[in-house]
Amino acid sequence: MKFVTIVTFFSLAERLDIIHQLKIAVMIPFLIYILLKKYHNQTWVKKILQINEFLKTHIHRNFSIFMLSLLFLVSIVSKAQNLQLNYKIIRGGNDIGRLQLEKKIVGNKSNLLLISEIKTHLFFLITVSVKESSTFENGKLIHSSQFRKTNGITKLDKQTSFVTDKYEVMENGEKEKLSFPFIGTNLLSMYFLEPIDTQLVYCDKQQCFTKVTKTHDGGYKIKLPDGNSNSFYYEGGICTKIKINNSFYSIEIIHEP
């Protein structure tokens, strides 16, 4: 009864306009869903322009402006949740390859991915393909993988998974259980996050923790059990350079903005 009494204060035209606006408010989320689904494979710029044109044609201008602003906010949040970084790999002043990083956050999970391709000469032509991934849940490593091919031959294929209360490593068809129950930072995560308060980093390949040492030039050095080392450098929260010193070679991985 109270609802009927309130409604009678409005004229018929006003009531029809209210109903129209309510219909629009209900339809907007549905339209966004349909449009995002339709254009999900296109870039954000094209997607926003297409949706804006649709809104201008079918919906009141004020709603179009509101929805366009909302989509820009969504795109900003999406970029914050999904990160892609590209790097060039330099050896002796020569460009020998590319490295790509990708980070996706879904709920309380963070998925990290590294892909690189290198072609260089030592004593002969060497082609190296690397793919590494790590999944963290609530700040804890639950799965990682390392895969490397050299001149088409698989040299490394290792999986690390957290099962029940311990980590298990699968390599060459053999399974091994590790003694430690928690890994919060591994070598791959160093590409994405400056280890300001981190003292130890897990090295998946060597299956051990190693110390993080601050260098005089502002980097963070990881010395591996085999004597090789990686040094990471950051600017504005982004890893801008990695120096890799190997017993056979030295390379630099430089961020491309």
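Against the condition modelled with pLDDT of 95 or more and over 20 Å from Asn151 (Cβ atoms), how does Lys104 come out, does it pass? So Lys104 passes the test.
Taking region 204-233 as the range and being part of a strand (DSSP E or B), out of contact with any Gly (no Cβ under 8 Å at 6 or more places or on another chain) and hydroxyl-bearing (Ser, Thr, Tyr) as the test, the residues that pass are Thr210, Thr213, Tyr220, Ser229.
Residue-level check: of (1) closer than 26 Å to Val212 by Cα; (2) in contact with a Ser or Thr (Cβ under 7 Å, 6 or more places away or on another chain); (3) surrounded by fewer than 17 Cβ atoms within 10 Å (Cβ to Cβ); (4) in contact (Cβ under 8 Å) with a residue 24 or more places away in the chain, Asn151 misses just (1). Screening the candidates Ser116, Ser129 for the property of being crowded, with 16+ Cβ neighbours inside 10 Å, under 20 Å from Met190 (Cβ atoms) and hydroxyl-bearing (Ser, Thr, Tyr) yields one hit, Ser116.
The values are calculated or read from the model by the stated rules, or taken from the named source; none is laboratory data. Because the structure is a prediction, the values reported are computed rather than measured. Here Cβ is always computed from backbone atoms with ideal geometry, including for glycine, and neighbour counts include all displayed protein chains.
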